[in-house]
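Single-structure report; data block below.
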Amino acid sequence: MKKILFSAFCVFALVSCEKEEDKKNIDQSSRLLNASSSLRVYYDNGGNDYGCKGSGGNCLPDVIVTAPKSYYFAPLFESGSNTVELFTKNAEVYKSVIDPKYVDGVIKGSLFVEAKQNDATGTSYLSFSDRDKNSHAVYSLILK
């Protein structure tokens, strides 16, 4: 009985720590977006010439996404993927990395997301914009 209680406590503690870390990452992203002078500018010159550089933009610092979460992100970068369907199906996982307002915006249709993977740099980008093509945020992801 003690082993069962101890095991349950360990699982609870592990899940609680992971959720706290996810919340800290999201809070940090929100603070960074509000202080845009510290963010890089997203550029796209066509082909494989895109990424984030400089300062004063809305491209967040690189986020390393490890397994098993990275497995949920990988389909976003496949040709012909249905991003709304993937965001709906994987909302909780995405919200652990991306600010929930962007995930909800894609699901509700008020925001659009463009997913691009740069094989040359190993970095993947999720660019969130509204119907008027105003860019809101760019997440720079390294999937491991």
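The values are calculated or read from the model by the stated rules, or taken from the named source; none is laboratory data. Keep in mind that this is a model prediction, so the values were computed, not measured. Positions of Cβ are generated from backbone atoms using ideal geometry, with glycine treated the same way; all protein chains shown enter the neighbour counts. Note: accessible area is taken over every heavy atom of the protein model, side chains too, but ligands, DNA and RNA are not part of it. Shrake-Rupley method; radii C 1.70, N 1.55, O 1.52, S 1.80 Å.
Against the definition (in contact with a helix residue (DSSP H, G or I) (Cβ under 7 Å, 6 or more places away or on another chain), in a strand (DSSP E or B) and surrounded by 12 or more Cβ atoms within 10 Å (Cβ to Cβ)), how does residue 113 come out, yes or no?
Here the answer is yes, as residue 113 does meet what is asked.
Can you work out which of the residues in segment 45-82 that are charged (D, E, K, R) and in contact (Cβ under 8 Å) with a residue 24 or more places away in the chain is most open to solvent (accessible area, probe 1.4 Å)?
Among them, the one singled out is 62.
Here is a list: 138, 106, 97. Which entry is within 14 Å of the chain's Cα centre (by Cα), surrounded by 13 or more Cβ atoms within 10 Å (Cβ to Cβ) and in a loop (DSSP other than H, G, I, E, B)?
The unique qualifying residue is 97.
Of all residues being in contact with a helix residue (DSSP H, G or I) (Cβ under 8 Å, 6 or more places away or on another chain) and farther than 17 Å from residue 93 by Cα in segment 116-127, which is most open to solvent (accessible area, probe 1.4 Å)? Just the residue, please.
The selected residue is 117.
Do you know which residues across segment 49-84 are within 11 Å of the chain's Cα centre (by Cα) and in a strand (DSSP E or B)?
Residues satisfying the conditions are 63, 64, 65.
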